[in-house]
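A.B. asks: Provided herewith is a single structure, encoded as structure tokens, for subsequent inquiry.
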Amino acid sequence: INSSATTAARANPTRTMFKSKSKGKKEKEKEKSTPARTSSKKKMAVTSTTGEEIPKSSSKEHTEKKKSDSTENTSAGATDAVSASSSDDISEKKTKSSSSGDAAVSSSSSSKSAGPTSASSSSASSMAGGGNTSRSKRSGHSSSSSSSHHSMKDVTMEVTELDAYKVASDAETSPHAYLPTKVYEAYDQIQNFARDLNTQIEAPEIVLIGAQGHGKSSVLEAFLGFPINMVGNGGCTKRPVIFNLNNNVDYEQPKVILKRDSILTDFDQDVVVKLTDLPAQLKKRNVATEGPVFVQFEYKHALNLQLIDMPGLIDENQGDLMADEIRMAVEEWITPPHRIILAVEQCQSADKLRLHQLIKPFDPDFARTVFALTHFNDHVRRFTSARDLNRFLQQNTHELKRFFVTLPSLAVRSRFTEVRPFQEKLWQYVQRDLDDLEKLAYNKTYADRVGIVALRKHLLHQTWYRYKAVVPRILAQLRAKRAQTQRDIATVTAELEGLGSSRLRALASKYVVDFLQVIEQLLSGTSEGNVSVHGQTLADEKADHGDAEWYTSSGGAVPVEAGSDKWDIPYWSNRLYGGQQFERLLREFKAVAAHAEFPDISVDDQATAAGMGKLSNAPDHAWAATDLAQQKAREVLNPLIEQLASRASHLFKRLVSIAQRIMESRQQAKEGQQVSNVDDITQYTYFTYHVQNLYDEFVDQVAKQALNKCMDEFYAPRTIYWEITKLEQRTFDSGSGDEGTVVTDMAKSIFLDVRDRIAGNVVLKFYNFFLVPMQTDLWKVVQGDITHMSDDQLEQKFSLQTTIQNLENDRNNLEDTLLELDDQELLFGKAAKEFGQL
């Protein structure tokens with residue numbers, strides 16, 4: 001890598017994460033134009049890719065091996081091919097000086113020295129890990145014998161080599177063999193205990209990231225241990241695919257549910273699919289979008305776990321417009337600190353691995369990151385000495401959790417669609433890798449980092465460890481619930497022993513005092529009742545009462561213009577309750593009365609009201625007008641006063657619910673003061689209803705009293721006549737009009753005076769005979785009723801026998817709960833012990 005590229009990578013590692021490190025075109029042309037240096041290199045000893053010197057006698061063999069490896073890894077990754085180009089140039093020049101027969105002999109000799117495990121080991125296909133090519137050159141075949149990338153012969157050789165490793169039992173290949181069955185059963189019990197305690201156990205989340213074509217989805221498939229063939233049916237992953245693994249003891253075989261797709265409207269329902277049909281279904285949803293596909297995977301041999309397969313990162317040199325979007329999406333998904341990062345990258349020397357540069361800003365010490373290096377077998381077979389191999393293993397595992405895996409290529413994978421053969425092949429790949437390492441006398445301390453089995457074991461152990469850490473918290477909650485139940489039993493027992501008439505009387509007295517004090521505050525004025533909730537505008541008040549308009553005896557409505565200055569109704573658009581709302585009602589009544597019109601008078605009414613004078617037979621027009629005015633005033637105002645009384649009663653009665661809310665809020669605000677069931681007045685609904693009924697009856701009583709007092713304002717016609725003729729000595733000009741017009745005009749004038757006087761006096765009487773008793777006499781009535789109750793009456797109002805029976809039932813239920821908790825603690829301890837033993 002040239003110095004400028006290195007500087008750029010250090011400056012912004014994530015932006016250059018997937019840029020090619022191959023040599024530039026000019027550098028290659030420069031190497032070709034320096035024959036003198038190339039000639040001098042012929043005199044140098046041939047070295048391996050790891051720097052170890054190879055004896056001259058085996059240089060031809062090494063040359064053929066290097067050329068074959070270079071061809072094999074064209075599809076496995078251009079980076080490794082380029083990194084070995086200088087050695088290939090050296091070897092190629094030495095090969096040209098040797099005969100083709102010598103090469104064949106050398107190749108045959110190499111094949112024989114490969115060991116007894118598999119005769120085809122030296123010619124085995126490097127197809128493991130996906131995208132591997134033929135090893136025909138290693139077995140002496142010419143490259144022209146394989147015209148396709150994966151010939152049938154190559155696949156057969158690969159399978160034959162793997163079949164040399166015999167499986168002793170299903171336990172060796174099972175993906176859940178690491179955790180015994182009893183651990184899964186114990187885990188199911190722990191989950192049930194957590195649900196009973198309303199405790200949420202968060203499932204661990206593993207995010208798989210890596211470049212396109214590096215085997216990320218193949219690692220996911222191998223981790224699950226089921227042949228879902230995600231890569232073969234969908235190409236590269238274009239959107240996140242989330243596998244929710246759920247422990248469900250009812251399913252011996254996995255139940256797969258494709259959840260409703262929030263992006264694609266064609267898939268708006270959950271669908272249960274067969275495991276074999278899952279790839280085709282995923283392919284239909286594999287479109288470029290940020291919204292994930294959710295797959296629910298229910299199985300008895302599974303811990304609750306979430307696997308998130310991200311779209312593959314793209315080399316920016318490819319000019320793909322999605323490269324930046326995919327990179328930013330990956331960074332967003334790996335940011336949460338609780339997620340485990342599984343970084344999948346093609347195996348190569350430590351200095352060429354770059355994925356850790358993207359991860360470092362989000363996991364600086366790589367505490368939650370696990371690396372999986374694919375195509376491991378291809379890389380291993382390049383080594384010729386234990387020293388170089390162990391150096392490679394040490395460099396890749398130093399301070400980082402890296403695992404080396406070899407997985408089936410698509411060509412090999414397509415032959416094994418059943419679960420058991422697929423799992424066997426995964427196990428055989430691990431055994432072959434270990435066998436190849438053993439031939440080079442590798443350091444066996446790295447054995448636990450080799451193979452998909454080791455990777456799966458590590459991830460499952462992390463999952464198991466996280467769940468194991470939750471066990472003490474669940475046990476603590478279980479014991480806390482048990483202790484609380486014991487305290488509740490003691491409390492109920494004490495309440496039963498102390499329950500009697502004296503306690504009920506004290507409780508009743510306290511409730512009545514609190515209730516009446518709140519009512520008094522609401523009448524005097526307070527905002528404690530939450531005016532935004534319980535307050536009413538004038539329109540709300542009318543709608544709640546049921547009378548939207550004021551009506552006269554004739555049935556005609558009096559249209560109210562609340563917002564008009566002429567009507568002078570204050571706070572008509574504001575939310576009010578209590579005394580202020582009552583004040584607004586009185587002002588509205590007075591305004592309505594002031595706008596009440598004098599009704600029409602018929603000729604019959606005029607003639608009847610006139611009568612005969614005392615001193616002559618001439619009609620008395622003043623008397624007739626007075627009588628008509630008095631009758632029309634009663635006819636117009638009496639319905640309005642009755643509506644006023646009804647509206648006022650409704651306003652005061654609705655104060656009960658507001659008072660209850662205030663009392664409840666006050667009780668909740670008393671932190672640390674626990675109220676026992678016996679002292680909780682809300683459970684004595686019959687008693688609280690009795691108090692409310694006393695209050696409502698008193699409101700109706702004072703409303704009736706105020707209404708009767710108002711009726712006294714309709715004086716007899718004689719009183720009105722005497723007032724206007726004798727006291728006021730008012731005269732009426734009969735003028736030249738006819739008799740009917742004179743009487744009508746006189747009656748209208750008297751009506752206006754009577755109307756205004758009555759309206760003003762009604763307001764005063766409602767203050768005096770309605771509001772004042774609510775503030776004074778209410779206490780005497782309600783408290784007097786409760787005080788004079790006998791013990792039997794009080795016990796009846798409190799439903800004492802029912803309360804005792806309820807408390808006894810509560811105690812029995814608590815005792816049963818305590819026994820269940822004792823049993824649960826024993827069962828939980830047993831389950832926790834089994835879950836904690838691997």
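A.B. asks: Accessible area per residue, 1.4 Å probe, Å², for region 368-477: what's the number?
C.D. replies: Values: 4160 Å² over 110 residues.
For region 368-477, the per-residue accessible area is 38 Å².
A.B. asks: Rounded to two decimals, what is the ratio between the C-alpha radius of gyration of region 280-390 and 2.2 N^0.38 Å?
C.D. replies: Numbers: Rg = 17.2 Å, N = 111, 2.2 N^0.38 = 13.2 Å.
Compactness ratio reported: 1.31.
A.B. asks: Next question. Amide H of THR406: which non-local residues (sequence gap of 5 or more, or other chain) have their own amide H closer than 5 Å, using H built in the peptide plane?
C.D. replies: PHE376, GLY451, ILE452
A.B. asks: Mind giving me the nanometre distance, one decimal, between the label points for ASP351 and GLU497, set 7 Å out from Cα along Cα→Cβ?
C.D. replies: The answer from the label model is 8.3 nm.
A.B. asks: Collect residues whose amide H, placed 1.01 Å from N in the peptide plane, falls under 5 Å from the amide H of VAL344; neighbours closer than 5 in sequence don't count.
C.D. replies: Residues meeting the criterion, in which the H sits 1.01 Å from N, are ILE209, GLY210, ALA372.
A.B. asks: With labels modelled as points extended 7 Å from the Cα through the Cβ direction, what inter-label distance (nm, one decimal) is found for SER385 paired with SER657?
C.D. replies: The modelled label-to-label distance comes out at 9.2 nm.
A.B. asks: Carbon and sulfur together cover what percent of the accessible area of region 295-396 at a 1.4 Å probe radius?
C.D. replies: Working: 1810 of 3460 Å².
So the carbon and sulfur contribution to the accessible surface is 52 percent.
A.B. asks: Kindly write out, for region 417-434 in residue order, the coupling ³J(HN,Hα) from the Karplus curve 6.51 cos²θ - 1.76 cosθ + 1.60 (θ = phi - 60°), rounded to whole Hz, with x marking Gly and Pro.
C.D. replies: Result, ordered by residue: 9, 8, 5, 5, x, 5, 5, 4, 5, 4, 5, 5, 4, 5, 5, 5, 4, 5 Hz.
A.B. asks: How are the alpha carbon pair distances in region 622-663 distributed across 5 Å bins from zero to the largest one, expressed in percent?
C.D. replies: In order of increasing distance, the bins hold 5, 20, 13, 12, 11, 10, 8, 7, 5, 4, 3, 2, 0 percent.
A.B. asks: If R₀ is 35 angstrom, what is the calculated FRET efficiency for the pair GLU635 and THR776, using the beta carbon separation as r and rounding to 0.05? Display every interim value, and only then the final one.
C.D. replies: Working: r = 35 Å, r/R0 = 0.99.
The computed FRET efficiency comes out at 0.50.
A.B. asks: While we're looking at this one, here's another question. Highest mean first, what order results for 559-566, 448-455 on Cβ atoms within 10 Å?
C.D. replies: Details: 559-566: 11.6, 448-455: 21.6.
Going by the mean number of other Cβ atoms within 10 Å, highest first, we get 448-455, 559-566.
A.B. asks: If the label point is 7 Å along Cα→Cβ of THR335, which residues in region 284-312 have backbone nitrogen under 13 Å from it?
C.D. replies: None, by backbone N distance to the label point.
A.B. asks: How much length, in nm to one decimal, is gained on full extension between ARG587 and GLU697, taken as 0.36 nm per residue of separation minus their Cα-Cα distance? Don't jump to the answer; show the numbers that get you there.
C.D. replies: Details: separation 110, 0.36 × 110 = 39.60 nm, distance 2.56 nm.
Roughly 37.0 nm would be gained on extension.
A.B. asks: Also, quick follow-up: Could you give me the radius of gyration and the Dmax of region 436-577, taking only the C-alpha atoms into account and expressing both in angstrom?
C.D. replies: Final numbers for Rg and Dmax: 36.9, 115 Å.
A.B. asks: Subtract the Cα-Cα distance of ASP712 and TYR686 from 0.36 nm times their separation in residues, and report this length gain in nm to one decimal.
C.D. replies: Numbers: separation 26, 0.36 × 26 = 9.36 nm, distance 3.98 nm.
My answer for the length gained is 5.4 nm.
A.B. asks: Over region 509-592, consider all pairs of different Cα atoms and compute the Kirkwood hydrodynamic radius from their mean reciprocal separation; express it in Å, one decimal.
C.D. replies: Numbers: mean 1/r = 0.0697 Å⁻¹.
Taking the inverse mean of 1/r over all distinct Cα pairs, region 509-592 comes out at 14.3 Å.
A.B. asks: Please quote Rg/Rh for region 788-833 to two decimal places, taking the Kirkwood radius as Rh and restricting both calculations to Cα atoms. Let's see the in-between values first.
C.D. replies: Values: Rg = 19.5 Å, Rh = 13.4 Å.
Using Cα coordinates only, the ratio equals 1.46.
A.B. asks: May I pose another question? Which length gain, in nm to one decimal place, applies between GLN517 and LYS439 when the Cα-Cα distance is subtracted from 0.36 nm times their residue separation?
C.D. replies: Full extension of this stretch gives 18.7 nm more.
A.B. asks: Among the trypsin sites (Lys or Arg not before Pro) within region 271-336, which fall in a DSSP loop and have no more than 13 other Cβ atoms within 10 Å of their own Cβ?
C.D. replies: On the way: sites: LYS274, LYS283, LYS284, ARG285, LYS300, ARG327; in loops: LYS274, LYS300.
Those that pass, being in a loop and sparsely packed, are LYS274.
A.B. asks: Do any of LYS274/LYS352; LYS166/LYS830; LYS255/LYS284; LYS360/LYS833 go past 31 Å between their Cα atoms, and which? Mind dumping the intermediate values first?
C.D. replies: On the way: LYS274/LYS352 41 Å; LYS166/LYS830 38 Å; LYS255/LYS284 20 Å; LYS360/LYS833 37 Å.
Cα-Cα > 31 Å for LYS274/LYS352; LYS166/LYS830; LYS360/LYS833; rest within.
A.B. asks: Compare LYS780, LYS468 by solvent-accessible area with a 1.4 Å probe and give them largest first, with all protein chains kept in place. Walk me through the intermediate numbers first.
C.D. replies: Values: LYS780 150, LYS468 85 Å².
Listed by decreasing accessible area, they come as LYS780, LYS468.
A.B. asks: Sort LYS255, LYS833 from largest to smallest accessible area, using a 1.4 Å probe on the heavy atoms of the protein chains.
C.D. replies: Details: LYS255 60, LYS833 130 Å².
So, going from the largest accessible area down, we get LYS833, LYS255.
A.B. asks: Please list, in order along region 792-800, the HN-Hα scalar couplings obtained from phi with the Karplus expression 6.51 cos²θ - 1.76 cosθ + 1.60 (θ = phi - 60°), rounded to whole Hz, x for Gly and Pro.
C.D. replies: 5, 5, 5, 5, 5, 5, 8, 6, 4
The values are calculated or read from the model by the stated rules, or taken from the named source; none is laboratory data. Small disclaimer: the values here were computed from a predicted structure and weren't measured. Every residue, glycine as well, gets a Cβ built from its backbone with ideal geometry; the counts of neighbours run over all protein chains shown. These accessible areas exclude ligands, DNA and RNA; they are computed on the full protein's heavy atoms, side chains included. Shrake-Rupley method; radii C 1.70, N 1.55, O 1.52, S 1.80 Å.
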